[in-house]
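In what follows, a single structure is set out as structure tokens and then discussed.
The values are calculated or read from the model by the stated rules, or taken from the named source; none is laboratory data. Being a predicted model, the structure only gives us computed values, none of them experimental. Note that each Cβ is placed from the backbone with ideal geometry, even for glycine, and that neighbours are counted across all protein chains shown.
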């Protein structure tokens, strides 16, 4: 991510230190992770110490300091989804992507993550890709769903 | 300047507005144990060891005296069975993190805290934030900060800043209530471990 793009995001928020989280969120959503150089740039422009930015960036789970894939796959393993077979869905996703929860594949295509509840237990087992929810998924269906993402 | 009258351990105390209970107690020679308090720094209220019992209009509550502002007619008890029990518990939890800290051991003796009550999880850090706040507020270098949250929270030096500032300063080391070595260890780790290829 180049500095011009970061500056543009910061300018959008009028360079206010209080918009730090918004700025970080925008960088995160565009770039999928927060590289150190980007954080340094934000620190300089917003006049916020790097230690404070790191504190925030490591506190919220929405931020990642390591590269993430273009598509974020979230599998719900909450109670309702669990009893409806979330672990089998997770197993098939692990096999298809070749990664464990919390990991990212080598060509930065998918990141796999388990979440505890996405709030639509009636649709369990639920998985979410880039915020789009897939309900009542079976292990076999995951192949077709993942095919839609490049 | 208007005075605020309150009672601490049965003593009448006159305090100025804006003082905390801890300040007021100190002014009449009553000592309250603290770990995260430092005169030069803003109150932080993280160690909870300065917990005292306060009666406000007939209601008793437990508050951290280092952040609780004095108020008219409140009654403060700095040592009661309840307060001592809480301090003992806090110390026992801290001792699981820093079992060999001299400061904690002295306090443990006073409050009868058992060093081995909880399973040891020696992280040597009790998150008092003295080093972090000293670096930010007094030195204004922000070389050390907290990272992560909850049980995984720890202090971390920014290698780029630490390489320039820390070697000649090290003023945060003696502040540490557990082991000065903790900050030293994290600092040297930040400076000498090879960085991953970016």
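Tabulated data for the structure shown
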| read-out | value |
| --- | --- |
| In the range A:7-20, the residues that are assigned to a helix (DSSP H, G or I) and surrounded by 15 or more Cβ atoms within 10 Å (Cβ to Cβ) | A:9, A:10, A:19, A:20 |
| Helices (runs of 4 or more DSSP H) (entirely within the range A:48-150) containing at least 2 residues that are within 14 Å of the chain's Cα centre (by Cα) | A:50-59 |
| Tally of residues being without any contact (Cβ under 8 Å) to a residue 24 or more places away in the chain and out of contact with any strand residue (DSSP E or B) (no Cβ under 9 Å at 6 or more places or on another chain) across the range B:111-143 | 6 |
| Boolean, residue A:37 is within 14 Å of chain B (Cβ to nearest Cβ), assigned to a helix (DSSP H, G or I) and loosely packed, with under 14 Cβ neighbours inside 10 Å | yes |
| Enumeration of residues in the range B:144-153 that are in contact (Cβ under 8 Å) with a residue 12 or more places away in the chain and either exposed (fewer than 15 other Cβ atoms within 10 Å of the Cβ) or facing chain A (nearest Cβ under 7 Å) (or both) | B:144, B:145, B:146 |
| Residues satisfying the stated conditions in the range B:46-67, i.e. within 21 Å of residue B:94 (Cα to Cα) and assigned to a strand (DSSP E or B) | B:51, B:52, B:62, B:63, B:64 |
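Listed here are the residues, each with its yes/no results for (1) without any contact (Cβ under 8 Å) to a residue 40 or more places away in the chain; (2) touching a strand residue (DSSP E or B) at 6+ places or on another chain (Cβ under 9 Å); (3) under 29 Å from residue A:128 (Cα atoms); (4) assigned by TED's automatic domain parsing to the domain that holds residue A:111.
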{"residue": "A:19", "(1), (2), (3), (4)": "yes, no, yes, no"}
{"residue": "A:43", "(1), (2), (3), (4)": "yes, no, no, no"}
{"residue": "A:48", "(1), (2), (3), (4)": "yes, no, no, no"}
{"residue": "A:52", "(1), (2), (3), (4)": "yes, yes, no, no"}
{"residue": "A:55", "(1), (2), (3), (4)": "yes, yes, yes, no"}
{"residue": "A:66", "(1), (2), (3), (4)": "yes, yes, yes, no"}
{"residue": "A:78", "(1), (2), (3), (4)": "no, yes, yes, yes"}
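Residues checked against (1) closer than 26 Å to residue A:28 by Cα; (2) surrounded by 14 or more Cβ atoms within 10 Å (Cβ to Cβ); (3) at pLDDT below 90:
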{"position": "A:86", "(1), (2), (3)": "no, yes, no"}
{"position": "A:100", "(1), (2), (3)": "yes, no, no"}
{"position": "A:104", "(1), (2), (3)": "yes, yes, no"}
{"position": "A:110", "(1), (2), (3)": "yes, yes, no"}
{"position": "A:115", "(1), (2), (3)": "yes, yes, no"}
{"position": "A:129", "(1), (2), (3)": "yes, yes, no"}
{"position": "A:136", "(1), (2), (3)": "no, no, no"}
